[in-house]
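The values are calculated or read from the model by the stated rules, or taken from the named source; none is laboratory data. As the structure is a prediction and not an experimental result, all values here were calculated from the model. FYI the Cβ positions are ideal-geometry reconstructions off the backbone, even for glycines, and counts take in every protein chain you see. Side chains included, ligands, DNA and RNA excluded: accessible areas come from the protein's heavy atoms. Shrake-Rupley method; radii C 1.70, N 1.55, O 1.52, S 1.80 Å.
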Amino acid sequence: MAYEHILVEVEAPIAIITLNRPKVLNALSPGLIGELTGALSQFDADESIRAVVLTGGPKVFAAGADIGDMAEQGPVDQLLRDQTGRWAPLAGFKKPLIAAVNGYALGGGCEVALMCDVIVAGDTARFGQPEINLGIIPGAGGTQRWPRAAGKYVAMEAMLTGAPITAHRAYEIGLVNRVVPAEMTVEVAKRLAREIAEKAPLAVRMAKEAVLKAFETPLAEGLASERKSFYFLFATEDQKEGMHAFLEKRKGTFKGR
């Protein structure tokens, strides 16, 4: 499929999506959002793809929304366009989604990174929510995902000052998984994606669902959900393969069945 605003590469069992509006620092236009979420929906349905890397390339992840496109809009325009609501396919992506972030991940760009399951940050990365400087607040999850990842006080400072933080500071507060040299960011993310792709796909999917549920439910409800998924996996071929492989001291081969 031909895309205008993203690049898509398939290196089965993983895929790499690169935001591709370099002249405007990968500003998140409706067109880019549509292409990105469309590609993710296709990969969600493709059994040959087991993990996806999302990057903006070597210099910038995404500097935020396309402000020129939004400046004169009113509340009804925003409601009808539902630009932030269009991110639902990304937030609901069922397979592992790994962000490889170099340079700026600001505003909506930072929120997109936080929708991913794992974040590999290059040492040039900068994360922030500068919306307060424009007279608005984050609208695609920033006020909710920052405190869940880094705590109330760190999140409050980020929202109220709009000041970005470095990759190393993001690592210190638990916002990213690891910091690597910028030239290695995408390769490290791909390596991690391949490692995850070797695991049993149904178990990976249920592990992701279980962790996400921890942020949405009381402990008792989360434990009950985890227990059901744990029991369910004993009905899969991959569970039998994984345990037999362990007992036979060999590497398991998983088929997602």
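Structure notes:
- Of all the residues in segment 80-99, those that are open to solvent by 60 Å² or more (accessible area, probe 1.4 Å), touching a helix residue (DSSP H, G or I) at 6+ places or on another chain (Cβ under 6 Å) and either among the hydrophobic types (A, V, I, L, M, F, W, C) or at pLDDT 95 or above (or both) number 1.
- Of the helices (runs of 4 or more DSSP H) lying entirely inside segment 72-163, those carrying at least 1 residues that are under 20 Å from the mean Cα position of the chain (by Cα) are 88-91, 108-115, 142-150, 152-161.
- Tabulated pairs, segment 185-206, first modelled with pLDDT of 95 or more, second among the aromatic types (Phe, Trp, Tyr) and surrounded by fewer than 17 Cβ atoms within 10 Å (Cβ to Cβ), C-beta under 8 angstrom, 6+ apart or interchain: Met206/Phe232
- Residue within segment 63-81 that is touching a residue at least 60 places away in the same chain (Cβ under 8 Å) and within 20 Å of Pro181 (Cα to Cα) present: no
- Close pairs from segment 244-257: first in contact (Cβ under 8 Å) with a residue 60 or more places away in the chain, partner in a helix (DSSP H, G or I), Cβ under 7 Å, at least 6 apart: Gly256/Pro201; Gly256/Leu202; Gly256/Asp238
- Hey, Ala245 of a type outside the set (Asp, Glu) and within 28 Å of Ala125 (Cα to Cα) or not: no
- Within segment 38-62, considering residues that are part of a loop (DSSP other than H, G, I, E, B) and open to solvent by less than 40 Å² (accessible area, probe 1.4 Å), the one nearest to Ala140 (Cα to Cα): Phe61
- The set of residues in segment 1-37 being part of a helix (DSSP H, G or I), over 19 Å from Asp117 (Cβ atoms) and at pLDDT 95 or above consists of Glu35 alone.
- Against the test of being farther than 30 Å from Gly103 by Cα and charged (D, E, K, R), the options Lys208, Lys228 yield a single qualifying residue, Lys228.
- Looking only at segment 155-210, residues that are crowded, with 20+ Cβ neighbours inside 10 Å, under 11 Å from Ala121 (Cα atoms) and basic (Lys, Arg) come to 0 in all.
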